[in-house]
Amino acid sequence: MEYLQFVLANKRFLSFGIVVAFFSAFGQTFFIAVFGPDIRAEFNLSHGEFGGYYAIGTAVSGVTLIWAGKMIDRFDLRWVTAGVAFSLILACAFMAMVPVAWALAPAIFALRISGQGLMSHTAMTAMGRYFEAERGRAVSIAILGFPLGVAVFPGLAVWLSGQFGWRMAWALVAVALTVFLIPLLLWLLKGHSARHRFFLAQTMGGDSGGGARPDGASASEPVRRRHQWTRAEVLRDPRFYLLCFAITAPSFISTGLFFHQAHLAAAKGWTLAWLASAFVAYTIGAIGANLVFGPLIDRYGARRLMPYYLYPLVLACLTIALFDHPLSAIALTLFLGLTSGGGQTLVGAAWPEFYGALNLGAIRAMVMSMSVGASALSPFMLGWLIDRGVSMESMAVGFLIYLALAIGGIMVALALPVDEPAKDAKP
């Protein structure tokens, strides 16, 4: 009942988070990869060559995100959201008109920075910043948009591509987003000025205009005054690098598997249609993990739960290494979904716990940049290995070694003493 009351009291702003996360799908690997065979056929590209263009575009987007991501700390959320949504529309239109193979790199850059990068960043930063006592629940609800996108858009991409061709599919997406996306998002942000004033009052001691909760819900306990780390201070904290090494593991592994899903299916003797249908289990796992981890984070804190969220990804890699049965595709996607749902919820709530919420956009931008960098590297690396005959089972063993180091890194980071700066950071 308490969970339902929270959702009803904040339904408009939570819906904003879900919608932004949902439409980030057009810049995510699982959507772009559906068009991979058609794109490779049109431009006569190998797995490694297409992965190379994808890596270039994604890597540049990751570097750009370090600068672009901190804009959410400086400008009104409504302007940031409108700008990011408009950029995504232009990116989809550009993808529909790619003239030559080398132009795939800038087209993919545009999709990755606007969709996977800034749309995801906007949704998670907004939820992490404007909720304190209920941050875990807020992040877990907004993150539902990601698995919903996985459930809806790959099938839509297959249908659009089959009916109209891959170029027209991207053009239709651009037209559809132009019609309704920006007006919908701005409508969901109605009343945001009051919410932002309340946030500033709680974090900086300013005037909130009466101190009432902007959502109309009953007042919660005051936000605990704490040091608000700057990005420079975070970069001097060794815990940050250990945690980022672990947090990039799902980006590297899942992106590589999504991008080369057609090859994975062929190697296992599955049809691509069967593997695509198995992603329903991914959605179930992600949503289930979201809804479970949200209340647990509010009760125990994200830091105490972080060592456990990579274990389902370990099981996913073991599934690839050991099994070929068609039903193992369901187990694989379920485990991937559990790590995705649990990890996005935990990571979204963890950074404010570690470093405060005032400079969250700049801090999350660094983390997102590293994750995007990992997602840029894996399609190229796996494509290069595939071209040289390395099996998916051997790659899965390599993933397991990476995960063992990542889990160890989390444990070390949580055991390190906190050397918190003495003076509060300025925004």
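The values are calculated or read from the model by the stated rules, or taken from the named source; none is laboratory data. What you see is a predicted model; the values in this text were computed from it and never measured. Quick reminder, even Gly has a Cβ in these numbers, built from the backbone with ideal geometry, and neighbours come from all protein chains shown. Protein only, heavy atoms only, side chains kept; ligands, DNA and RNA dropped before computing areas. Shrake-Rupley method; radii C 1.70, N 1.55, O 1.52, S 1.80 Å.
Worth a mention:
- Restricting attention to segment 363-391 and to residues that are touching a Lys or Arg at 6+ places or on another chain (Cβ under 9 Å) and open to solvent by less than 10 Å² (accessible area, probe 1.4 Å), the residue that is farthest from Thr248 (Cα to Cα) turns out to be Ile363.
- Output for segment 275-319, where each listed residue is hydrophobic (A, V, I, L, M, F, W, C), at pLDDT below 85, touching a helix residue (DSSP H, G or I) at 6+ places or on another chain (Cβ under 7 Å) and open to solvent by 50 Å² or more (accessible area, probe 1.4 Å): Val280, Leu291, Leu296
- Ala157 vs. criteria open to solvent by less than 20 Å² (accessible area, probe 1.4 Å) and over 24 Å from Leu275 (Cβ atoms): no
- Any hit, segment 79-96, residues being touching a residue at least 40 places away in the same chain (Cβ under 8 Å), at negative phi and among the polar types (S, T, N, Q): yes
- Yes/no for Arg112 being at pLDDT 85 or above, crowded, with 24+ Cβ neighbours inside 10 Å and of a type in the set (D, E, K, R): yes
- When residues in segment 121-147 are screened for being open to solvent by 10 Å² or more (accessible area, probe 1.4 Å) and modelled with pLDDT of 85 or more, 0 of them pass.
- Unmet requirement for His263, which otherwise passes all of (1) buried (at least 21 other Cβ atoms within 10 Å of the Cβ); (2) under 18 Å from Gly383 (Cα atoms): (1)
- Where a residue in segment 351-375 is touching a residue at least 60 places away in the same chain (Cβ under 8 Å) and its partner, wherever it lies, is of a type in the set (Asp, Glu) and assigned to a helix (DSSP H, G or I), with Cβ under 7 Å and at least six apart: Asn359/Asp73; Gly361/Asp73; Ala362/Asp73
- Tally of residues being of a type in the set (Lys, Arg) and outside any helix (DSSP H, G or I) across segment 133-192: 1
- Scope segment 280-312; condition assigned to a helix (DSSP H, G or I), of a type outside the set (Phe, Trp, Tyr) and closer than 18 Å to Leu242 by Cα; matching residues: Ala302, Arg303, Arg304, Leu305, Met306, Pro307
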